[in-house]
1. So, R0 is 25 Å and r is the distance between the beta-carbons of Val5 and Val135; what FRET efficiency does that work out to, to 0.05?
2. In nm, give the distance between the simple-model label positions of Asp165 and Ala19, each being 7 Å from the Cα along the Cα-to-Cβ direction.
3. Taking the Cα of Trp39, stepping 7 Å toward and past its beta carbon, and measuring to each backbone N in region 94-117: which are under 19 Å?
4. So with the 1.4 Å probe, I'd like the accessible area per residue for region 1-80, rounded to whole Å².
5. Of the candidates Arg28, Arg143, Arg14, which one comes out as most mobile in a Gaussian network treatment of the chain with C-alpha springs shorter than 10 Å?
6. Hey, any idea what % of region 1-154's accessible area is carbon plus sulfur with a 1.4 Å probe?
7. List the relative contact order of the chain as a percent without decimals, with contacts defined as Cα pairs under 8 Å and 6+ residues apart.
8. Antiparallel versus total DSSP beta bridges in the chain: what percent is that, nearest 5?
Amino acid sequence: MTPVVLVTPRLHLRPLSAADAPVLAAYRADPAVAAFQGWTLPYTPQHAHALIAEMAGKQLGDAGWVQYGVSLPGGALVGDVALRTHGAQAEFGVTLAPSAHGRGYATEAGAAVIAHAFGTLGLHRLHASIDPRNVPVARLLVRLGFRHEGTLVEAYEHRGAWTDDALYGLLRREWASPD
């Protein structure tokens, strides 16, 4: 099966490859990037290779978590996006390397994933769960059309401390297709 690749004016969203492992490991090991993420620290090249192997053959929309690389047209990895599909719904996530912050890449990649989820996949609802201290991602979600649905107080343990969980949602009928 030919893998699905989402192409935007400046980015390609594509399956991760073994060549992505060093860059993936480097930005996921960055303390600022990892601060609100649940992956194991330190994030090593072995973790990156294991994630890439786990994602082999998976496409956005397959059941469970699917991570895709976000790359520039020349192939350089600048981040990753994810959907965790369960029935007609999916959880959305995005992580960018610090060198890619502030360029609109997260908005562009997120919009492409949302269009794919609601258009091609026909999903009913997307949701995201974030630490409310992660203000840049909260702003990103709102920019993408998500609404803040509420915050659960001290709802999960993250690296030894209880933290809040801000919930965001977007329904297909609320989404404005760019077409």
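The values are calculated or read from the model by the stated rules, or taken from the named source; none is laboratory data. Note that this is a predicted model, so its numbers are computed, not measured. Every residue, glycine among them, receives a Cβ derived from its backbone with ideal geometry; neighbour counts consider all protein chains shown. Areas reflect the complete protein model, heavy atoms only, side chains present, ligands, DNA and RNA absent. Shrake-Rupley method; radii C 1.70, N 1.55, O 1.52, S 1.80 Å.
1. My answer for the efficiency is 0.20.
2. Going from the Asp165 label point to the Ala19 one covers 3.9 nm.
3. 94-102, 105-107, 109-110
4. In whole numbers, region 1-80 has 49 Å² accessible per residue.
5. Arg143
6. Exposed carbon and sulfur together represent 60 percent of the surface.
7. Rounded, it is 17 percent for the chain.
8. DSSP beta bridges in the chain are roughly 90 percent antiparallel.
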